[in-house]
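The values are calculated or read from the model by the stated rules, or taken from the named source; none is laboratory data. All values derive from a computational prediction rather than experimental measurement. With ideal geometry, Cβ positions are generated from the backbone for all residues, glycine too; neighbour counts draw on all protein chains shown.
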């Protein structure tokens with residue numbers, strides 16, 4: 001393995017007509033990382049991944065993937081990466097075996113090598129149905145695992161997964177993430193997009209995207225620490241929140257963020273002193289608990305911080 | 001390269017042969033079309049509904065009317081109590097034979113035995129045939145009534161129809177229909193196949209592999225060229241077995257004509273699929289090509305009769321050359337100069353459309 005980072009992206013932008021889908025994005029991904037893209041639909045996650053796989057030509061900027069650039073039209077890079085697209089990537093009207101044979105043919109793999117890889121990957125994803133099973137008859141989670149196997153048949157260094165768990169059951173999602181960790185344990189780099197917060201928590205680092213821009217980058221803990229330098233309290237009013245108190249709290253200079261969380265409220269403050277001062281007038285019936293901010297809090301703070 | 005191509009061929013065959021709709025398009029539709037078009041698309045006009053309008057006592061008129069019926073082209077329609085024009089307008093009759101009110105025999109005796117023939121001209125080919133049949137029957141009737149043998153002309157034609165002596169419509173029609181079917185099947189299959197990959201998202205998987213453009217294009221087209229050729233063979237065999245269409249020419253000529261034609265249509269289909277965003281658009285694009293291709297090919301309407309303005313369209317139509325080749329090879333045994341000319345035209349088209357499809361094809365999604 002070369003020493004170059006898995007991904008090195010500088011000022012990557014792409015425009016479709018007047019619309020800038022990805023705007024001046026730069027980041028680096030080290031080998032062996034689980035790197036997540038978090039953002040709403042249309043934030044530019046998929047477009048970024050497609051550019052890095054050579055499926056879209058960027059308008060400006062540069063990138064190296066696995067130490068290679070796109071000067072050869074992306075041929076070298078395509079050989080080093082595996083890509084599992086957002087839509088279903090297997091043919092439902094073919095059998096498991098036919099799908100994997102086609103994937104092997106696309107990558108020009110030697111039959112013996114492809115057979116060996118198939119065995120290894122079946123073991124990895126714990127797939128034991130016969131090869132003649134029609135893909136259409138498999139459950140959603142298994143289809144996704146099989147898609148991953150097909151994308152990894154040529155033993156890529158870097159695996160791009162575009163919303164791999166969209167539309168599968170929570171149990172299958174957990175299984176798939178266990179699989180992702182197994183893949184990185186093999187020394188692969190995994191780039192994954194998601195809009196599930198709990199999935200983002202499992203990434204080594206997260207790039208937060210919004211309307212084509214990278215608005216934050218770091219490990220989940222780093223993101224939390226930078227978004228919320230002070231303490232965060234969960235306020236439980238044991239009933240409807242008193243309007244007067246919330247209004248005065250919102251005007252408090254020490255408050256960073258106040259957001260409803262179901263029946264409760266999350267309030268973040270600049271520091272402990274500001275919190276104590278602001279919550280001194282908390283109604284007696286209310287309870288406050290110091291909590292660690294979740295990624296969802298981070299997401300709301302960063303995204304709304306821009307909109308405000 | 002070889003491995004990728006084989007993988008594509010296996011995959012496309014597995015998909016096409018597993019899909020009942022595709023099987024229908026490939027095998028059942030051609031047979032149905034052959035039968036329907038071969039029998040129904042007859043250029044011969046028969047069963048013309050004729051209303052003869054004359055007084056019940058007019059024996060001379062009845063004799064002439066009976067001669068029309070006896071000819072086999074006409075079927076009599078009752079005319080009682082309706083104006084001749086109404087009969088034609090309402091479609092109850094294709095033609096009305098109106099005899100003079102004063103009695104046909106008396107008028108004829110006075111030397112002015114004019115009979116009016118009203119012909120429905122909305123179908124031009126039918127009207128022309130009706131007119132020609134009527135003239136011939138009239139001449140024969142006049143000669144017979146006069147009690148004379150038909151005048152022996154000092155010179156005459158000795159007509160001999162060759163290559164299709166019985167003038168059977170299917171023999172002429174079926175080669176055209178064969179060309180049409182091969183055209184239809186290849187255009188529909190190829191224009192849909194790439195667009196379907198794009199719609200399903202599997203196109204992304206294909207282009208995420210390090211492949212050259214020509215590898216993907218060949219992979220997506222070669223299976224359909226093979227299927228198109230198999231279809232052509234099937235249709236020719238059916239024409240031979242069901243309609244007795246002869247196969248007089250050498251098979252290699254048939255094969256090379258079919259090959260060049262199928263390459264052209266598969267390229268056109270691919271071109272359509274590179275332009276279309278979804279399968280509906282591809283379907284529509286296919287039909288936008290197919291309609292003029294079929295109508296301006298000489299299969300149903302003779303090319304010679306088309307206005308000069310439209311002739312360039314005919315000369316740019318691959319189906320025209322393929323039909324010409326099929327008729328020439330199957331029915332006449334393949335004349336060298338006809339073969340060389342039409343074959344070169346088809347080969348040139350295969351190259352041009354193939355290059356255009358290659359040029360339009362992109363591996364990126366921009």
How do the helices (runs of 4 or more DSSP H) wholly within the range B:1-85 filter down when requiring 1 or more residues that are away from chain A (no Cβ under 14 Å) and under 25 Å from residue B:238 (Cβ atoms): which remain?
B:29-40
If I go through the range B:274-297 residue by residue, how many of them are in a helix (DSSP H, G or I) and more than 18 Å from residue B:326 (Cα to Cα)?
16
Return the residue satisfying two criteria in turn: it lies in the range B:332-364 and is loosely packed, with under 14 Cβ neighbours inside 10 Å and within 14 Å of chain A (Cβ to nearest Cβ), and of such residues it is nearest to residue A:54 (Cα to Cα).
B:364
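So that you can scan it fast, the table gives a plain yes or no per residue for (1) within 14 Å of chain A (Cβ to nearest Cβ); (2) under 23 Å from the mean Cα position of the chain (by Cα):
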| residue | (1), (2) |
| --- | --- |
| B:204 | yes, no |
| B:210 | yes, no |
| B:230 | no, yes |
| B:245 | no, yes |
| B:265 | no, yes |
| B:268 | no, yes |
| B:271 | no, no |
Considering the range A:123-145 alone, what residues qualify as being surrounded by fewer than 12 Cβ atoms within 10 Å (Cβ to Cβ), within 27 Å of the chain's Cα centre (by Cα) and assigned to a loop (DSSP other than H, G, I, E, B)?
A:126, A:139
Test: residue A:36 is in contact with a strand residue (DSSP E or B) (Cβ under 7 Å, 6 or more places away or on another chain), surrounded by fewer than 17 Cβ atoms within 10 Å (Cβ to Cβ) and away from every other protein chain (no Cβ under 14 Å)
no
Considering only residues that are out of contact with any helix residue (DSSP H, G or I) (no Cβ under 8 Å at 6 or more places or on another chain) and closer than 16 Å to residue B:57 by Cα, look in the range B:97-128 and name the one that is surrounded by the most Cβ atoms within 10 Å (Cβ to Cβ).
B:107
Scanning the range A:47-67 for residues that are within 10 Å of residue A:77 (Cβ to Cβ) and part of a loop (DSSP other than H, G, I, E, B), which turns out farthest from the other protein chains (Cβ to nearest Cβ)?
A:67
Positions within the range A:101-122 being without any contact (Cβ under 8 Å) to a residue 12 or more places away in the chain and assigned to a helix (DSSP H, G or I), in sequence order:
A:102, A:105, A:106, A:111, A:112, A:113, A:115, A:116, A:119, A:120
Consider residue B:53 carefully, then state whether it is under 30 Å from residue B:170 (Cβ atoms) and touching a helix residue (DSSP H, G or I) at 6+ places or on another chain (Cβ under 8 Å).
no
Given the criteria farther than 26 Å from residue B:5 by Cα, more than 23 Å from the chain's Cα centre (by Cα) and assigned to a helix (DSSP H, G or I), does residue A:98 qualify?
no
Residues that are part of a helix (DSSP H, G or I) and over 24 Å from residue B:267 (Cβ atoms), drawn from the range B:163-203:
B:169, B:170, B:171, B:172, B:173, B:174
Taking the range A:68-94 and the residues there that are part of a loop (DSSP other than H, G, I, E, B) and free of Cβ contacts under 8 Å to residues at least 12 places away in the same chain, the one that is farthest from residue A:9 (Cα to Cα) would be A:87
If only one of B:110, B:63 is outside the structural domain of residue B:237 (by TED's automatic domain parsing) and free of Cβ contacts under 8 Å to residues at least 12 places away in the same chain, which one is it?
B:110
So residue A:195 passes all but one of these: (1) within 20 Å of residue A:41 (Cα to Cα); (2) modelled with pLDDT of 90 or more. Which condition number does it fail?
(2)
If only one of A:78, A:87 is within 13 Å of another protein chain (Cβ to nearest Cβ) and either farther than 25 Å from residue A:168 by Cα or surrounded by 24 or more Cβ atoms within 10 Å (Cβ to Cβ) (or both), which one is it?
A:78
Condition first: without any contact (Cβ under 8 Å) to a residue 40 or more places away in the chain and under 17 Å from the mean Cα position of the chain (by Cα). Can you find one or more residues in the range B:254-262 that meet it?
no
Would you check if residue B:306 is surrounded by fewer than 22 Cβ atoms within 10 Å (Cβ to Cβ), touching a residue at least 24 places away in the same chain (Cβ under 8 Å) and farther than 30 Å from residue A:49 by Cα?
no
The residue from A:161, A:148, A:109 that alone is within 10 Å of chain B (Cβ to nearest Cβ) and either surrounded by fewer than 20 Cβ atoms within 10 Å (Cβ to Cβ) or modelled with pLDDT of 90 or more (or both) is A:109
Would you check which residues across the range A:90-106 are surrounded by fewer than 24 Cβ atoms within 10 Å (Cβ to Cβ), touching a strand residue (DSSP E or B) at 6+ places or on another chain (Cβ under 9 Å) and more than 7 Å from chain B (Cβ to nearest Cβ) and list them?
A:92, A:95
